[in-house]
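Presented below is the structure to which this report refers.
Nothing in this text is a laboratory measurement; each read-out follows from the coordinates by a stated rule. Source: prediction; values computed, not measured. Here the Cβ is made from the backbone with ideal geometry for all residues, glycine too, and neighbour counts use every protein chain on show.
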Amino acid sequence: MASHTCPVCSEQLASNGSLRDHAWETHSACHYCGEQFTGDAEKSALYTHWLTAHPAELQKVDRKRAESNVDQISFSDRLSSEGLGAAVSGVPRRYVLVGGGAAMAAGLAGFGTVVTSQSSGVNQEPANTVDDYEFARIGSEDATATVTYFGSYKCPACAMFETGQFRTLLQEYVEPGDLAIVYRNISYFGDEPFLGSDAPKAGHAGLAVYNNEPESYLDYHSYVFENQPPEGQRWATAERLTEFARQAGVSNPDIVRTAVEENRYRNALQETASDAKDAGINSTPSLLVDGTTFNPLGDAEQTRQRLEAAING
């Protein structure tokens, strides 16, 4: 009978299943390579590791188990396991989530969050939609130039942009009246949710605040990005988003709960998904200026030059 050797302690086990259980239960480790996880790590961390570090060698039973338990994989998960090239392109699209995080600040800002499809289509959602809506406009109606900002409340790269460079743009261009920014939240790519099945709820919430209490929108918008939970969590619930609105100072936060529970802005979210596709948007954050899209995280000075060209053009 073939033996299976534990990569941590070299104990011989009778089967791959016995080795797998032994490695995790005894060492909190991967039975393929011996990498050990912290004592409080959940098994989902092991499954994510399998999919990112060992996609080619996974046995069928391990692959099935991992894929049934992992909904999405962050950019940082893949980067730490595979290096940059594989992190960007090497994981099957059916369960990919590309996120930002601290790694991007170290030199990967040009990638942003790549738009990929996930499960649970939009057409399955019951809705009490409204046809009369506007997309969130930050800045004067009389601004010299207008830029469209495609982002996602669930995107960690957008949170990085919002808490840094975006604030500078507001101070230098929006507040003086030179520039207006129209925020479009990408909640779907095609007919599928983008960045988790809860992502559309965050889109409904933002539109609800702007269309009902526009004077509170920027405070709400900023609060969500400043307090964005970890990318792997399905945090965009009616309860959480309503509480965000309350904390941000929205006078009637229940407008958020109603919008989320009734899927009130589904038409608006679908329109944004269609417009993003037509514009060639493939990552967030993306800015659309004079028909050209680009990631503002790549080069802050270049972003400033493009905005000034639009203002002075």
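Compared with the direct C-alpha span, the chain from Ser15 to Asn267 gains 85.4 nm at full extension, assuming 0.36 nm per residue.
Remark on Ser283: its backbone amide H falls under 5 Å from those of Val115, a criterion applied only to residues 5 or more positions apart or on other chains, H modelled at 1.01 Å from N.
Measuring from a point 7 Å past the Cα of Thr292 along Cα-to-C-beta, which residues in segment 134-163 have an amide N at less than 16 Å? Only 146-148 fall inside the zone, counting backbone N under 16 Å. With K and R counted +1 and D and E -1, the other residues having a Cβ less than 11 Å from that of Ala23 yield a net charge of -3.
Summarising the strand pairing of segment 122-312, around 60 percent of its internal DSSP beta bridges are antiparallel.
Placing unit charges on the Cβ atoms of the charged side chains and taking the dipole of segment 122-312 about its Cα centre, the candidate lying farthest along the positive direction among Gly298, Ala279, Tyr183 is Gly298.
For the pair Glu215 and Thr146, the difference between a 0.36 nm per residue extended length and the Cα-Cα distance amounts to 23.0 nm. Would you mind counting up the charge near Phe225? Only other residues with Cβ under 12 Å from its Cβ, with Lys and Arg at +1 and Asp and Glu at -1. Within the 12 Å Cβ shell, the charges total -1. Backbone amide hydrogens, once placed in the peptide plane, bring Leu13 within less than 5 Å of His4, Thr5, Cys6, excluding anything fewer than 5 places away on its chain. As a length-normalised measure over Cα pairs under 8 Å and 6 or more apart, the relative contact order of segment 122-312 settles at 30 percent. Residues of segment 274-288 with backbone nitrogen within less than 20 Å of a virtual label 7 Å along the Cα-to-Cβ line of Thr129, please, listed as ranges. It comes to 274-279, nothing else. Enumerate the residues in segment 259-303 having an amide nitrogen under 11 Å from the point lying 7 Å beyond the Cα of Glu172 toward its Cβ. It comes to 300-303, nothing else.
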